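The values are calculated or read from the model by the stated rules, or taken from the named source; none is laboratory data. Since the model is a prediction, treat every value here as computed from it, not as a measurement. Methodologically, a virtual Cβ is constructed for each residue, glycine included, from the backbone with ideal geometry; neighbour enumeration extends over all protein chains shown.
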Amino acid sequence: MKTRKRSLDRRNKKMPRKLGAYAKTALIALGISGGIAAVIILPGLALVIKEFTKHRNRPYRRKSMYYAMQRMQKTGYIRIVERNDELCACLTRKGRKLFEQLQKPPLAIPKQTLWDHQWRIVAFDIPEKLGKARSALRQKLIELGFHKIQKSIYAHPYPCEVEIAYVSKLFGVEPYIQLITATSFNGEEKIKKSFNLT
């Protein structure tokens, strides 16, 4: 009986515990940001969770956020590291695997049946001290289907206000980003072709 109980205990340890709302939101936010390669400064991650609780009509509790991060670190889903005198969180391989199970479907900009002939242009001027966040933002814009017009200017034909607000808040670069709507710009014909637009 003792042997059987021990084997059951070992099996239970391998099974992931049910994640709370704070932990699940943090895990998805980290996964969307790039997972193992990317890091999110903890205040930025707290803002994302704060926004989540607001939409769920729940009060944000700083202690709950702290305990959720602590539990995820103990269970091996995240690592807390110090970079440039700031605490940051990043996913482990175990955390990345769980994120892939949770994030269905992934963050994406929905395609319109009929294009409204409006371009969504993201322009940013992010300071050098946030260079890693700037690089992560560029990578995420390309993943979302944006086309580069200039060094810090990207264009997309479909509505993406929610996605850009989420990503900019996630990387802690919200004050440095502008989302502009335009009817045309130089070089748009090449991008139209890539989206099969007329």
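Values as computed for the structure displayed
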{"item": "Any hit, segment 120-127, residues being of a type in the set (Val, Ile, Thr) and either within 16 Å of Glu161 (Cα to Cα) or touching a residue at least 60 places away in the same chain (Cβ under 8 Å) (or both)", "result": "yes"}
{"item": "Of residues in segment 66-111 being surrounded by fewer than 11 Cβ atoms within 10 Å (Cβ to Cβ) and of a type in the set (S, T, N, Q), the one farthest from Glu143 (Cα to Cα)", "result": "Asn84"}
{"item": "Residue within segment 102-112 that is outside any loop (DSSP other than H, G, I, E, B) and either out of contact with any helix residue (DSSP H, G or I) (no Cβ under 8 Å at 6 or more places or on another chain) or under 30 Å from Thr198 (Cβ atoms) (or both) present", "result": "no"}
{"item": "Index of the failed condition, Phe171 passing every other in (1) in contact (Cβ under 8 Å) with a residue 24 or more places away in the chain; (2) out of contact with any helix residue (DSSP H, G or I) (no Cβ under 7 Å at 6 or more places or on another chain)", "result": "(2)"}
{"item": "Residue list for segment 121-141, restricted to those being modelled with pLDDT of 95 or more, surrounded by fewer than 16 Cβ atoms within 10 Å (Cβ to Cβ) and not charged (D, E, K, R)", "result": "Ala123"}
